[in-house]
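Enquirer: Here it is, the structure, as structure tokens.
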Amino acid sequence: MSCGEPHETDCSEVLDHLYEFLDSEMPDVDRDKFQQHFRECSPCLEKYGLEQAVKKLVKRCCGHDDVPTDLRAKVMGRIDLIRSGQAVPDHDLTAGGTAPAAPQES
């Protein structure tokens with residue numbers, strides 16, 4: 001996925017490390033680069049919002065217990081389809097069905 005515009009941080013790098021960003025498992029300097037990228041790139045911001053919504057949904061549905069195997073398989077299958085371009089993200093997972101705002105420093 002790419003918006004076709006040049007960025008300091010390439011879309012593929014952002015998408016390859018999206019869960020590290022979501023889970024705050026990357027150095028602050030990289031988080032800053034990703035936040036800047038999300039401000040510039042609406043397709044990556046939309047993908048960020050989808051992945052963030054999936055994480056929240058799984059957490060809400062499953063609490064702190066282990067994620068059921070069948071739910072995990074369905075979610076991962078959907079993510080794989082979206083990544084491969086064979087499916088379109090469900091916008092109803094985000095509040096109001098709109099693209100999320102750029103992530104802020106926590």
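The values are calculated or read from the model by the stated rules, or taken from the named source; none is laboratory data. It should be emphasised that the depicted structure is a prediction, and the values quoted were computed from it without experimental measurement. Reconstructed Cβ throughout: ideal geometry from the backbone, glycine too, with neighbour counts over all protein chains shown.
Enquirer: Which ones in region 51-106 are surrounded by 15 or more Cβ atoms within 10 Å (Cβ to Cβ), assigned to a helix (DSSP H, G or I) and at pLDDT below 70?
Expert: Residue satisfying the conditions is Leu93 alone.
Enquirer: When only residues in region 4-30 that are surrounded by 14 or more Cβ atoms within 10 Å (Cβ to Cβ) and in contact (Cβ under 8 Å) with a residue 40 or more places away in the chain count, which is nearest to Ile82 (Cα to Cα)?
Expert: Leu15
Enquirer: Can you pull out the residues in region 25-54 that are of a type in the set (Val, Ile, Thr) and within 14 Å of the chain's Cα centre (by Cα)?
Expert: Of everything in region 25-54, just one residue is of a type in the set (Val, Ile, Thr) and within 14 Å of the chain's Cα centre (by Cα), namely Val54.
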